[in-house]
Amino acid sequence: MTDPVLPPDLERAIFELAAWGDVRMIATLPLVAHRVNAWMRLLRFRVYRIPDYNGLSVLWGHAAAFPQSRAAMTHLAMVATGWPTATILARLAATFPHIVDLALWGIPHRANDLQPIGALANLRRLALSPLYAFRNNAATAVAVRSLAPLARLTHLALLAAAGPWLVPTLATCFPALTHLALFEQHPPRAAFVVDMRQLLRSLRLAVCV
């Protein structure tokens, strides 16, 4: 009786699942076989977390030293770096065009600063502060609606409390949302609850926390 042979696509999926999020496992599994090494080596470049200005400089250097990481990176989280937000995002979009999940933690930005991510056609998940990005004015709504990738977002995390204008902005600018996470939201107004119910009906949200 021979051992069962898995289809290559299924075998690869199993190895990737085993290694996802485990740096030590990503370093170990390539030793199993040459084909596994070919699958696993790109996982090392899939996720980055940039904690500060120095981390951002390291990222640029890494991208120059390992060009293959540019196509492989799909998840990126950044905290405040001291660099202008628009400048950072423009370089990120040009260097890592396949980003799917982007988190901007504590980075002051306005809606216009988000313009460079218009080049990220694969972007589906975004986390940011609504206080900076979605101010209550007509210019903000126009700027956000002009970003095609934002209209395709399925997952949005808002990392700080926002005003009563939040719900209408979400309904207008993010029609494809299926998952919405609200952090530090303390809605004392009954109107907020009514607005959220309307948002749930209009956006077809599957998850709202």
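Working carefully through the options A94, A86, find the one that is under 18 Å from W60 (Cα atoms), at pLDDT below 85 and either part of a helix (DSSP H, G or I) or of a type in the set (S, T, Y) (or both).
A86
Hey, among A181, A176, which residue is under 22 Å from V100 (Cβ atoms), in contact with a Ser or Thr (Cβ under 7 Å, 6 or more places away or on another chain) and either modelled with pLDDT under 75 or of a type in the set (A, V, I, L, M) (or both)?
Criteria check complete, one pass: A176.
The values are calculated or read from the model by the stated rules, or taken from the named source; none is laboratory data. Predicted model only: the values in this text are computed from it and were never measured. Don't worry about glycine lacking a Cβ; one is built from the backbone with ideal geometry, like all the others, and counts go over all protein chains shown.
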